[in-house]
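S.K.: Just dropping this structure here.
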Amino acid sequence: MNYFKQILRFAKPYKSYGILNIICNIFYALFSTLSFISLIPMLSVLLKETKAITEKPIWKEGVTGMKDYFMDYSNYFITLKTEQEGEIYVLTAMVSLVIVMFFLKNIFNYLALYFITFLRNGVLRDIRNKLYSKTVYLPLNYFSEKRKGDVIARITSDVLEIQHSFLSILELIVREPLMILFTIIMMFGISVKLTIFVFIFIPVSGFLISLIGKSLKKKSDKVQKEQGQFLSIVEETLGGLKVIKGFNAEKIFGNKFQESTSQFFKFSNSLLNRQNLASPTSEFLGICVIAILLWYGGKMVFIEGTLNASEFFAYMGLAYNILTPAKAISKASYSVKKGNAAAERVLEILNTTSPLQDHPNAKEKKEFTTDITLENISFKYEDEYVLNDFSLKVPKGSSVALVGQSGSGKSTIANLVTRFYDVNKGNIKIDSVDIKDLTKHSLRGLMGLVTQDSILFNDSIKNNLLVGDPSASDEEIIKALKIANAWEFVKDLPAGIETNIGDSGNKISGGQKQRLSIARAVLKNPPIMILDEATSALDTESERLVQSALENMMKNRTSIVIAHRLSTIQNSDLIVVMQKGKIVEQGTHDELISKDGIYQKLVNMQSLE
């Protein structure tokens, strides 16, 4: 119920549809019951059970006299109309009454489903939107522990399962109980004795049905987890197809996928077979109740004479009318078990609190005026610190390069300055303000980022660059492409800046992808530029083209450059040499060369390469 309440809050914006659905369901349940009651006068005419009543009956008693008044009035109507119009007219009128009742029942059934459709699909859309927003909002380290395919499964199949289970209850929560309530009232109205006899057997049936559903949540959870597993394998396969083919590893990944789908096959069979047992079990137990009712009711009609045949037939219709909602409720209880497992997985993401939330009093910062300061920062991803008591000052307008061997902590600095992660100790400040006291949006608004991996999207060149500045004109886009030395190949493409570059930009070369990434950062035109090994993916010619563009771009900007190729950072104002998370040397290129230390060795190694 806790999961159900949390999911139900998404239905609040659509409560008007819910209210209209409830109103229509009330009328549906009423007319559904009355449609069987309307059979009694018709059956009375066919079975010639009507009493000749010539005077209009008067309701003298309370609620208890309703049945007698109804029967007397129908007999009075039949007697009067038979004398005036004949038996065929009366039979036609009775049949018309039955048709009208069933017509009204189905009209309100359609309207109830019509209104609930907007609520169900609206909630489905809002949960998916909320999940996507939360997925984008959560920090990077959250997804280092999660498989991408599992997150995709939660947004797709788990949310759909919630719609089929929890939101189906909204249809049943009013309609089916009301249908049972109205039907029981009418059954008591026809025969108290027979109804009490029937309801001795219903709790027994309910208990037997409930035994089936106990393990459904556990089984459903296994199915959904396994679905996330094989979606992850698909996602990894598509992302690494070049490597898989290059190493002839198709069989390895094929076996992993088949193993996962075999597990999914086994869990799904177990779940569905248990679920499929619910409907026939409830129907069989219902028919057993009907059979007992036929025996006992037949005894009341033929031996005791305490019940009319027409009333008994209508009573049988009402008794069977209880079976449909009872089956729906029992089926819904199994769906809830499945829905619980799906809701648990969805709410796990929605209820996750990000450790990188903005403070309530976080400030918006729109300008960068003095410097970036890293004060005695220490940071670890897991157990071991990758940065230890690290301090650095980057004045406005200067270019600071970070160099060192892999694992020295260079890229970690970029992750911390952009606040993709928070430091464990120390502070990072911009213009003497701790970045934790700034909104993440305004902090990142001051920065342009070019990563080692050229992250591009399956869209046009124009739309990929508009990520940097959504309001940019075509002229500004072309200018940014020229600065990044990318216009020379873009202008020759079939559709120019409107050309689609494929999934992850795979329709163009690595060097071209990197130049587009740089053009995107140029278009944003931020005061601070962070280049995380931005030229490492470029060939020699592309590197020369981009390096000159980067140097021009960085003249009026503050830059933190994480460099692999030392030839690209010789003109930096400050070069910081890192080793195991600490600064071991710093100075200009010429100063470091004259020291003949670690930097000199790195330069010599690259020269040999």
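S.K.: State which residue is modelled with the highest pLDDT when the search covers only the range 486-528 and only residues that are surrounded by fewer than 21 Cβ atoms within 10 Å (Cβ to Cβ) and at positive phi.
M.R.: Here the answer is Gly496.
S.K.: Right, another one. Please go through the range 565-590 and pick out each residue that is under 44 Å from the mean Cα position of the chain (by Cα) and surrounded by fewer than 19 Cβ atoms within 10 Å (Cβ to Cβ).
M.R.: Arg565, Gln579, Lys580, Lys582
S.K.: Right, something else. Being in a helix (DSSP H, G or I), modelled with pLDDT under 90 and touching a helix residue (DSSP H, G or I) at 6+ places or on another chain (Cβ under 8 Å): is that true of Glu543 here?
M.R.: Judged against the criteria, Glu543 is a match.
S.K.: List, please: which pairs have Cβ atoms under 7 Å, are six or more places apart or on different chains, and start with a residue in the range 475-500 that is within 17 Å of Lys513 (Cβ to Cβ) and end with one that is at pLDDT below 90 and assigned to a loop (DSSP other than H, G, I, E, B)?
M.R.: Hits for this filter: Thr499/Leu493; Asn500/Asp459.
S.K.: For the range 461-472, state whether one or more residues are assigned to a helix (DSSP H, G or I) and among the β-branched types (Val, Ile, Thr).
M.R.: yes
S.K.: Select from the range 404-419 the residues that are of a type in the set (A, V, I, L, M, F, W, C) and either under 32 Å from the mean Cα position of the chain (by Cα) or assigned to a loop (DSSP other than H, G, I, E, B) (or both) and list them in ascending order.
M.R.: Ala414, Leu416, Val417
Rundown of residues vs (1) more than 26 Å from Phe143 (Cα to Cα); (2) at pLDDT 90 or above; (3) assigned to a strand (DSSP E or B), yes/no style:
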{"site": "Asn388", "(1), (2), (3)": "no, no, yes"}
{"site": "Leu392", "(1), (2), (3)": "yes, yes, yes"}
{"site": "Leu402", "(1), (2), (3)": "yes, yes, yes"}
{"site": "His441", "(1), (2), (3)": "no, no, no"}
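S.K.: Would you pick out the residues in the range 393-407 that are surrounded by fewer than 21 Cβ atoms within 10 Å (Cβ to Cβ) and either touching a helix residue (DSSP H, G or I) at 6+ places or on another chain (Cβ under 7 Å) or within 16 Å of Phe379 (Cβ to Cβ) (or both)?
M.R.: Across the range 393-407, the qualifying residue is only Gly407.
S.K.: May I pose another question? Can you find a residue in the range 286-308 that is at pLDDT below 80, among the basic types (Lys, Arg), surrounded by fewer than 20 Cβ atoms within 10 Å (Cβ to Cβ) and in a helix (DSSP H, G or I)?
M.R.: No: the range 286-308 contains no residue that is at pLDDT below 80, among the basic types (Lys, Arg), surrounded by fewer than 20 Cβ atoms within 10 Å (Cβ to Cβ) and in a helix (DSSP H, G or I).
S.K.: So, in the range 7-36, exactly how many residues are modelled with pLDDT under 85 and either under 16 Å from Phe77 (Cα atoms) or surrounded by fewer than 17 Cβ atoms within 10 Å (Cβ to Cβ) (or both)?
M.R.: Within the range 7-36, residues that are modelled with pLDDT under 85 and either under 16 Å from Phe77 (Cα atoms) or surrounded by fewer than 17 Cβ atoms within 10 Å (Cβ to Cβ) (or both) number 1.
S.K.: Could you check, for the range 274-284, whether at least one of its residues is within 21 Å of Glu344 (Cβ to Cβ) and either in the same structural domain as Ala153 (by TED's automatic domain parsing) or at pLDDT below 75 (or both)?
M.R.: Within the range 274-284, one or more residues are within 21 Å of Glu344 (Cβ to Cβ) and either in the same structural domain as Ala153 (by TED's automatic domain parsing) or at pLDDT below 75 (or both).
S.K.: Pairs only if they're at least six apart or on different chains, beta carbon under 6 angstrom, first in the range 78-103 and over 21 Å from Phe36 (Cα atoms), second in a helix (DSSP H, G or I) and modelled with pLDDT of 70 or more; list them, first residue then second.
M.R.: Lys81/Val90; Thr82/Val90
S.K.: So which residues in the range 425-446 are under 31 Å from the mean Cα position of the chain (by Cα) and among the basic types (Lys, Arg), if there are any at all?
M.R.: Matches in the range 425-446: Lys436, Lys440, Arg444.
S.K.: Report those helices (runs of 4 or more DSSP H) wholly inside the range 94-195 carrying at least 1 residues which are farther than 30 Å from Val301 by Cβ and charged (D, E, K, R).
M.R.: By residue number, 148-153, 159-190.
Rundown of residues vs (1) within 34 Å of the chain's Cα centre (by Cα); (2) closer than 27 Å to Arg128 by Cα; (3) modelled with pLDDT under 80; (4) not in a helix (DSSP H, G or I), yes/no style:
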{"residue": "Lys245", "(1), (2), (3), (4)": "yes, no, yes, no"}
{"residue": "Gly254", "(1), (2), (3), (4)": "yes, no, no, no"}
{"residue": "Gly317", "(1), (2), (3), (4)": "no, no, yes, no"}
{"residue": "Asn321", "(1), (2), (3), (4)": "no, no, yes, no"}
{"residue": "Ser335", "(1), (2), (3), (4)": "yes, yes, yes, no"}
{"residue": "Ala342", "(1), (2), (3), (4)": "yes, yes, no, no"}
{"residue": "Thr353", "(1), (2), (3), (4)": "yes, yes, no, yes"}
{"residue": "Leu356", "(1), (2), (3), (4)": "yes, yes, no, yes"}
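S.K.: To continue, here is another question. Does Pro470 qualify as being of a type outside the set (Phe, Trp, Tyr) and more than 30 Å from Ile508 (Cα to Cα)?
M.R.: For Pro470, the condition - of a type outside the set (Phe, Trp, Tyr) and more than 30 Å from Ile508 (Cα to Cα) - is not met.
S.K.: When the range 345-392 is examined, which residues are found to be of a type in the set (Asp, Glu) and buried (at least 16 other Cβ atoms within 10 Å of the Cβ)?
M.R.: Passing the criteria: Asp358, Asp371, Glu375.
S.K.: With the structure loaded, tell me whether Leu456 is within 23 Å of Arg147 (Cα to Cα) and either surrounded by 16 or more Cβ atoms within 10 Å (Cβ to Cβ) or assigned by TED's automatic domain parsing to the domain that holds Ile562 (or both) or whether it fails that test. Steps first, please.
M.R.: Numbers: within 23 Å of Arg147 (Cα to Cα): yes; either surrounded by 16 or more Cβ atoms within 10 Å (Cβ to Cβ) or assigned by TED's automatic domain parsing to the domain that holds Ile562 (or both): yes.
Considered against the rule, which asks whether it is within 23 Å of Arg147 (Cα to Cα) and either surrounded by 16 or more Cβ atoms within 10 Å (Cβ to Cβ) or assigned by TED's automatic domain parsing to the domain that holds Ile562 (or both), Leu456 comes out as yes.
S.K.: Return the residues of the range 552-577 that are farther than 13 Å from Val394 by Cβ and at pLDDT 90 or above; say none if nothing qualifies.
M.R.: Across the range 552-577, the qualifying residue is only Val577.
The values are calculated or read from the model by the stated rules, or taken from the named source; none is laboratory data. Note that the coordinates shown come from a computational prediction; the quantities given were computed from them, not determined experimentally. Glycine gets a Cβ as well: all are built from the backbone with ideal geometry, and neighbour counts include every protein chain shown.
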